[in-house]
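The structure appears right after this line, and notes come after that.
The values are calculated or read from the model by the stated rules, or taken from the named source; none is laboratory data. It should be emphasised that the depicted structure is a prediction, and the values quoted were computed from it without experimental measurement. Because the Cβ atoms are built from the backbone with ideal geometry, glycine has one as well, and the counts that use them run over all protein chains shown. These accessible areas exclude ligands, DNA and RNA; they are computed on the full protein's heavy atoms, side chains included. Shrake-Rupley method; radii C 1.70, N 1.55, O 1.52, S 1.80 Å.
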Amino acid sequence: MTKLTNDEIRQNVRSRYKQVAVQEASAESCCHPNIQATSCCTTSSDFNTISSELGYSNEELDSVPDGANLGLGCGNPQAIASLKPGEVVLDLGSGGGFDCFLASRQVGETGSVIGVDMTPEMVSRARSNATKGNFVNTDFRLGEIEHLPVADNMVDVIISNCVVNLSPDKQQVFQDSFRVLKKGGRLAISDIVTTAELPPEIKDDLNELYSGCISGASSIDEIEAMLCQSGFTDISVEPKDESKAFIKDWIKGSNIEDYIVSAVIKAIKP
């Protein structure tokens, strides 16, 4: 991809998630980013139903401010991150703050959570949600996940939920993630990976299907190679076949679940 194409992809993604951030929970607002999820998400209950399918518990869903859960993602990074009190957590693509607020409760008053998102409207929404929920140990920053507004060797754990696939420069994402992690720090993310070569009409769609978390996905081997090149060790990319149950609705009638799947991606900075 050329630099111009990368910028165009980022603009498309930013525009898509701006719409998600500013939408109101009404019948006229389709909020889920995946391309054929055309039954509009209309209430917080609908968002919770989507998130339940992704692995969130009712307790988790009830513990965040209204407006934080936007029904996004492809897994539950909280279930794999093994967060501990006092840790510094970084969420790549923090959206409305949903995963940050869950992480905030786990790391407690002695810990902190940084959310980074490239969409100003998302950052504004997350900050408002933090104020509503009195989350004093969260910090939401505007920035690209390829160039994180975070100091070197500062973070214990990096989480993310279906965001890295949206980057046109995933190698740079992992390299900068390595930079901000402390020695012994860990990466624990949920993301989409390919299990077979995408059809050309899907792979070549760098607008709708890319911002819908589909055509930008990399293979398991590619993810492992990028993590290794960035310096990570103890790399694990574990596909979750059960995710096909919700992925099949992302492009109805396309059998997209035969090509992509949600995966748990873990790695350590030695």
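Points to keep in mind about this one:
- Residue in the range 127-148 that is within 19 Å of S51 (Cα to Cα) and either β-branched (V, I, T) or assigned to a strand (DSSP E or B) (or both) present: no
- Selection status of K18, farther than 18 Å from N129 by Cβ, open to solvent by 70 Å² or more (accessible area, probe 1.4 Å) and modelled with pLDDT of 85 or more: no
- Any chance S94 is in a helix (DSSP H, G or I) and either open to solvent by less than 40 Å² (accessible area, probe 1.4 Å) or modelled with pLDDT of 95 or more (or both): no
- Within the range 218-233, being assigned to a helix (DSSP H, G or I) and closer than 18 Å to T5 by Cβ holds for no residue.
- Within the range 222-255, if we keep just the residues that are modelled with pLDDT under 95 and of a type in the set (A, V, I, L, M), the residue that is most open to solvent (accessible area, probe 1.4 Å) turns out to be A245.
- Test for E24: is it part of a loop (DSSP other than H, G, I, E, B), surrounded by fewer than 16 Cβ atoms within 10 Å (Cβ to Cβ) and modelled with pLDDT under 90: yes
- Sole exception among (1) open to solvent by less than 10 Å² (accessible area, probe 1.4 Å); (2) over 24 Å from E8 (Cα atoms); (3) not in a strand (DSSP E or B) for I158, by number: (3)
- Assessment of the range 122-137 against the conditions (closer than 27 Å to V261 by Cα and surrounded by fewer than 22 Cβ atoms within 10 Å (Cβ to Cβ)) yields no matching residue.
- Residue among S243, S236, S190, S215 that alone is of a type in the set (G, A, S) and in a helix (DSSP H, G or I): S243
- Selection count, the range 166-199, where residues are open to solvent by 20 Å² or more (accessible area, probe 1.4 Å) and of a type in the set (D, E): 2
- Selection from the range 49-78 of residues that are outside any helix (DSSP H, G or I) and hydrophobic (A, V, I, L, M, F, W, C): V64, A68, L70, L72, C74
- Residue in the range 261-270 that is among the polar types (S, T, N, Q) and open to solvent by 20 Å² or more (accessible area, probe 1.4 Å) present: no
- Count of the range 200-221 residues, restricted to those that are open to solvent by 20 Å² or more (accessible area, probe 1.4 Å) and more than 16 Å from V163 (Cα to Cα), is 6.
- Residues of the range 97-110 classified as over 11 Å from A126 (Cα atoms) and either aliphatic (A, V, I, L, M) or surrounded by 24 or more Cβ atoms within 10 Å (Cβ to Cβ) (or both), total: 4
- Within the range 53-91, the residues that satisfy the criterion of being open to solvent by less than 30 Å² (accessible area, probe 1.4 Å), more than 22 Å from K182 (Cβ to Cβ) and in contact (Cβ under 8 Å) with a residue 60 or more places away in the chain are L54, V64, P65, G67, A68, G73, C74, G75, N76.
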